[in-house]
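Okay, so here's the structure we're looking at.
Here, each number is a calculation from the coordinates, and none is a lab measurement. Everything numeric here is computed off the predicted structure, so don't read it as measured data. With ideal geometry, Cβ positions are generated from the backbone for all residues, glycine too; neighbour counts draw on all protein chains shown.
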Amino acid sequence: MVNKIYTYLNQVGFLIVGLFALYLLNPLNKGFLIGYVLPAFIFIKASLVKKNLDLDFTLLLLLSVIYGLFYILDPVDGMQFVLIYSLFPPTFYLLGKFMSNPIKDDHTVFYLLFFASALFSLPAVLSVYLNFAEGGFVQADRSIPYIWTGESLSATVMGAYLTLNMCIPALLIVGRKSIPLLIKIGMAILFILSLVCALRLGSRTQLSIFLLTSIIAVGYMLKRQTAKENAVLLFFLVVAVGLILNKVSFDLNADWLSSFASRMDGGRADVASGGGRTERWVKSFENMFTKPLGWDVNEFGYSHNLWLDVLRAGGIIPFLLLVIYSIRSFNQIRKIIKTNEHLFINGFILIYGLAFLLIFMVEPIFEGIFSLFVLFCFFKGVINKYSEIKSS
């Protein structure tokens with residue numbers, strides 16, 4: 001396995017892999033500077049770029065440039081935001097295709113995307129645990145100082161970094177036979193650390209992603225396994241759930257659930273409306289027709305939806321481009337799962353795609369955590385190239 005990893009890194013280029021890793025880790029909150037450097041390394045390989053240009057790249061480029069231009073009049077960070085929004089999505093989509101090009105083994109797709117998501121989450125996990133060291137679980141403020149800057153980030157932003165880690169139980173279910181034991185242990189540890197972080201942040205979104213992806217994973221495997229394998233899977237799940245319920249107290253008055261319990265104080269109505277999100281979605285749809293060029297965030301705050309917040313900030317054109325790209329993306333995921341024969345990789349792609357969709361539905365991604373959308377573009381580049389390789 002070590003030899004395979006070395007061969008792969010050598011083919012892609014240690015420098016490009018290192019720069020990508022630094023972007024994900026975002027040292028000193030300056031990871032965006034790496035995003036400026038990577039396009040140079042990618043576009044130097046003109047023949048490779050030409051081979052990988054497609055409609056997805058064109059849609060991303062149009063979306064990114066048009067949306068980015070809305071920041072050109074910003075007197076403080078205008079040009080910085082123009083470059084970030086314009087360059088990063090199409091560049092990281094091409095990077096995903098480029099880093100998939102040497103892949104000869106199906107499992108390399110899993111390792112590439114999983115380790116990328118793990119690195120992406122690391123600063124948030126460390127930030128939350130440093131906060132534990134200072135104040136423990138019982139803290140009224142859900143905002144957490146970011147490890148690189150000390151600036152407090154909202155629980156919404158901090159939790160978004162953990163999104164793909166919440167899929168780990170689902171990945172362990174679909175990859176029960178495919179993932180090496182040592183990797184499984186590492187994944188389990190990372191999930192436990194991330195789950196504790198989600199509870200400290202009081203993130204209902206992250207807990208929902210964990211539960212929904214796990215349920216989907218079980219359903220996915222039940223349809224594709226023998227009766228004996230299904231019996232074994234259900235037995236282990238029942239034992240695991242039984243042990244957790246028997247050994248762990250879920251009393252909302254417990255210290256370790258204090259942040260999460262405070263989120264439930266809003267009552268059932270608040271939970272049912274997604275913390276007031278549904279009202280914002282309705283207002284956003286109304287504004288689509290009355291204010292097609294967008295509206296000020298002060299009108300009623302963020303829409304808490306990827307597409308509607310792009311509509312609010314950039315108007316109808318970027319919104320339509322993003323809708324087209326999104327529909328195309330999830331159709332591509334469906335097509336890959338339908339045509340590919342690899343059970344684990346199909347389940348893995350399905351679970352990551354679902355996790356991205358769930359977080360995009362409820363958070364203002366472009367203005368809250370744009371790097372998560374950039375990671376989605378990388379994910380799309382990887383799986384599109386993987387599909388091309390398998391087809392050929």
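Some observations on this one:
- Of 235, 14, 88, the one that fluctuates the most in a GNM where the chain has Cα springs shorter than 10 Å: 235
- Less than 5 angstrom separates the built amide H of residue 153 from those of 144, 146, all sequence-distant by 5 or more or on a different chain.
- For the stretch 1-132, a/c is not less than 1.5, where a ≥ b ≥ c are the root eigenvalues of the C-alpha gyration tensor, and a/b does not top b/c. That puts it in the oblate class.
- Estimated inter-spin distance, residue 28 and residue 50, nm [label 7 Å along Cα→Cβ]: 4.0
- All Cα-Cα separations within the stretch 298-392 were binned at 10 Å from zero, giving a P(r) of 15, 45, 27, 11, 2, 0, each value a whole percent of the pairs.
- Among the listed pairs 223/335; 30/104; 177/385; 291/335; 30/291; 30/380, those whose Cα-Cα separation exceeds 27 Å are 30/104; 291/335; 30/291.
- FRET efficiency, residue 293 to residue 119 (Cβ-Cβ, R0 45 Å, nearest 0.05): 0.75
- Cα centroid of the stretch 348-375 to Cα centroid of the stretch 183-249, whole Å: 20
- Sum of -39500 (n - 2.57) over DSSP H runs of 4+, divided by residues of the chain (222 nm, nearest 500): -24000 deg cm²/dmol
- Computed from point charges on the beta carbon alone (+1 for Lys and Arg, -1 for Asp and Glu), the dipole magnitude for the chain about its Cα centre is near 1480 Debye.
- Between residue 241 and residue 4, the simple spin-label model (points 7 angstrom out along Cα→Cβ) gives 3.4 nm.
- Here is the P(r) of the chain: all C-alpha pair distances, binned every 10 Å from 0, give 4, 21, 32, 27, 12, 2, 0 in whole percents.
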